[in-house]
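Please read the structure below before turning to the comments.
The values are calculated or read from the model by the stated rules, or taken from the named source; none is laboratory data. Remember, it's a predicted structure, so these values are computed and weren't measured experimentally. Positions of Cβ are generated from backbone atoms using ideal geometry, with glycine treated the same way; all protein chains shown enter the neighbour counts. All accessible areas refer to the heavy atoms of the entire protein, side chains included, with ligands and DNA or RNA removed. Shrake-Rupley method; radii C 1.70, N 1.55, O 1.52, S 1.80 Å.
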Amino acid sequence: MCLAIPGKIQSIELLYGGAVKMAKVSFGGIIKEASLEMVPTADVGDYVLVHVGVAISKVNEEEANKVFGYLREAGELDELYDTTI
Amino acid sequence: MKYVSEFRSPEIVDALLKEIRQTVKGNWNIMEVCGGQTHSLVKNGLLNMLPQNIQMIHGPGCPVCVTPVSLIDKAVHLAMEKNVILCSFGDMIRVPGSGMSLLEAKSKGGDVRILYSPLEAVKIAKENPDREVVFFAVGFETTAPANALSVVHAHREGVKNYSILTSHVLVPPAMEAIMSDDDCRVDGFLAAGHVCAIMGIGEYYPLVEKYKIPIVVTGFEPVDLLEGILMTVKQLENGEHKLANQYTRVVETEGNKNAIAVIDTIFEVTNREWRGIGNIPFSGYAVKENYSDYDANKKFNIDIAEAHEDPTCLSGDVMKGKIKPHQCPNFGTKCTPVKPLGAPMVSSEGACAAYYHFNLATVLVEE
Ligand code: SF4
């Protein structure tokens with residue numbers, strides 16, 4: 001659960017009069033919402049490391065692809081899929 | 001289950017292993033603090049590739065494993081309240097409490113929901129104004145900004161039926177507790193990369209100085225881990241003790257200022273009980289007084305019987321590095337991931353489950 005997964009920002013939405021920046025982030029095609037409040041300079045097209053719905057740092061494209069590839073290969077992306085018990 | 005043996009950069013892995021073999025002369029115990037790193041070391045079969053004189057000790061860095069039983073019991077109790085929707089990360093729901101786990105509470109009619117993010121719990125609270133929504137906010141520093149942010153969002157939107165049940169733990173005080181233990185066998189530490197991405201690396205300087213021990217901030221991929229181990233071994237062989245950063249591509253020295261600010265808004269440092277280890281001073285976060293409306297501990301008067309653990313579970317010794325998981329007599333017999341006796345068998349980041357899933361015990365025994 002301490003995993004941070006890299007994804008690409010697809011679109012950004014400003015909420016509460018611009019106080020909160022939420023993004024749609026694509027993780028190899030799976031789209032999730034993430035808050036950009038910790039990385040306010042992140043923009044559409046940038047790659048961010050997302051941990052439990054919050055982007056914690058920007059990463060470059062090469063690093064993002066490398067880490068995502070590793071996580072996919074190692075079968076570590078379960079938390080992106082809808083969780084059912 | 002098979003190891004992930006096909007590394008994307010096998011030549012780099014080979015080169016690093018070769019350099020580690022050439023560098024190491026003494027016998028060294030290196031602790032990786034983070035459960036994600038334990039998982040990666042075991043899953044990728046790295047433990048069997050390292051030279052025999054480097055022993056990896058698996059630290060307490062799995063939030064699921066160190067959340068006290070009493071708190072699980074509280075979460076279960078809340079889940080069984082009619083009016084409460086109890087939300088949690090998926091890893092927490094199988095953890096045995098002293099009675100039920102959250103999964104069992106769910107099967108008995110409790111409204112337990114697994115979420116990807118605490119921010120989703122605030123939405124659920126908005127959609128269900130007549131119910132109380134509680135998020136079971138566990139985690140290390142990496143998760144603290146997200147949990148804090150959920151309170152900020154609820155506050156900003158005037159959502160009154162949302163609160164968090166916190167069991168936040170902090171890494172540096174736990175490392176200090178391990179080092180100050182007289183039987184401490186750790187010669188060097190790999191510090192957790194993503195924790196440092198939030199908090200920066202400044203907190204480790206005093207530890208390096210006080211305990212004269214190398215600390216290397218490290219990522220979690222095989223290449224990162226081997227590089228971190230090599231950097232640690234080089235220091236040990238040279239008689240050095242420095243703070244170094246292997247994971248510079250993600251970790252900045254100062255950490256993430258915005259994340260630290262949101263943590264400071266909502267949380268204050270408090271003493272915290274760690275399952276299997278005991279009380280560690282100033283090792284956790286609690287919700288600050290002025291946000292106590294969002295603190296489930298204060299909002300609900302939960303009066304439950306004293307928690308008890310299975311007395312034969314040796315998770316404390318495992319997390320302090322005194323024994324390896326397969327040396328616990330219950331390992332794989334009375335205790336398995338399907339029926340765990342203790343928390344390290346529940347989460348794949350827990351050392352016992354990691355060893356169980358990847359059959360490491362058998363491999364080691366056969367050697
Ligand atoms: S194997 Fe099970 S009983 Fe033994 S220490 Fe690990 S979790 Fe506890």
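Here are the numbers:
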| quantity | calculated |
| --- | --- |
| Heavy-atom surface of chain B, accessible at 1.4 Å and reported per residue (Å²) | 40 Å² |
| Efficiency of FRET from Cβ geometry, residue B:210 and residue B:253, R₀ 22 Å, rounded to 0.05 | 0.65 |
| Cα-centre dipole for the protein assembly as shown with unit charges at Cβ (Lys and Arg positive, Asp and Glu negative), debye to 20 | 440 debye |
| 10 Å Cβ shell holding at most 14 others, DSSP loop, chymotrypsin sites (Phe, Trp or Tyr not before Pro): longest site-free stretch of chain A | A:17-80 |
| Quotient of Cα Rg and 2.2 N^0.38 Å for the protein assembly as shown, N being how many residues it contains | 0.94 |
| Between 0 and 90°, nearest 10: helix A:61-73 axis offset from chain A longest Cα axis | 40 degrees |
| Degrees between helix B:10-23 axis and first principal axis of chain B (Cα, 0 to 90, nearest 10) | 60 degrees |
| Within 10 Å of each Cβ in A:53-61, the average number of Cβ atoms from other chains | 6 |
| Reciprocal of mean inverse Cα separation for the range A:5-79 (Kirkwood radius, Å) | 12.3 Å |
| Qualifying trypsin sites (Lys or Arg not before Pro) in the range B:60-100, DSSP loop, other Cβ atoms within 10 Å at most 14 | B:82 |
| Across chain B: Cys residues that no other cysteine approaches within a C-beta distance under 4.7 Å | B:34, B:87, B:184, B:196, B:313, B:328, B:335, B:352 |
| Simple label model, 7 Å out from Cα along Cβ direction - residue B:310 to residue B:107, nm | 1.6 nm |
| Probe 1.4 Å, protein heavy atoms only - accessible area per residue of chain A in square angstrom | 43 Å² |
| Residue mean of other protein chain beta carbons inside 10 Å, A:69-78 | 4 |
| Cα point-scatterer Debye curve for chain B, base-10 log of I(q)/I(0) at q = 0.14 Å⁻¹ | -1.18 |
| Listed residue pairs exceeding 32 Å between alpha carbons, taken from A:32/B:257; B:18/B:339; A:8/B:126; B:242/B:298; B:74/B:320 | B:18/B:339; B:242/B:298 |
| Rounded to 10°, Cα long-axis angle of helix B:69-80 versus longest principal axis of chain B | 40 degrees |
| Peptide B:144-153 - average C-beta neighbours from other chains (10 Å radius) | 4 |
| Nitroxide proxy distance, nm - points 7 Å out along Cα→Cβ at residue B:282 and residue B:156 | 3.1 nm |
| Descending semi-axes in Å of the range B:2-121, equivalent ellipsoid built from Cα gyration tensor | 41, 16, 11 |
| Carbon + sulfur, % of accessible area of the protein assembly as shown - ligands and nucleic acids excluded, 1.4 Å | 50 percent |
| Protein-protein interface of the range B:241-286, residues with accessible area decrease of at least 30 Å², isolated chain reference, 1.4 Å probe | B:249, B:250, B:256, B:258 |
| Heavy-atom accessible surface that B and A bury in contact, both chains counted, 1.4 Å, Å² to 100 | 3500 Å² |
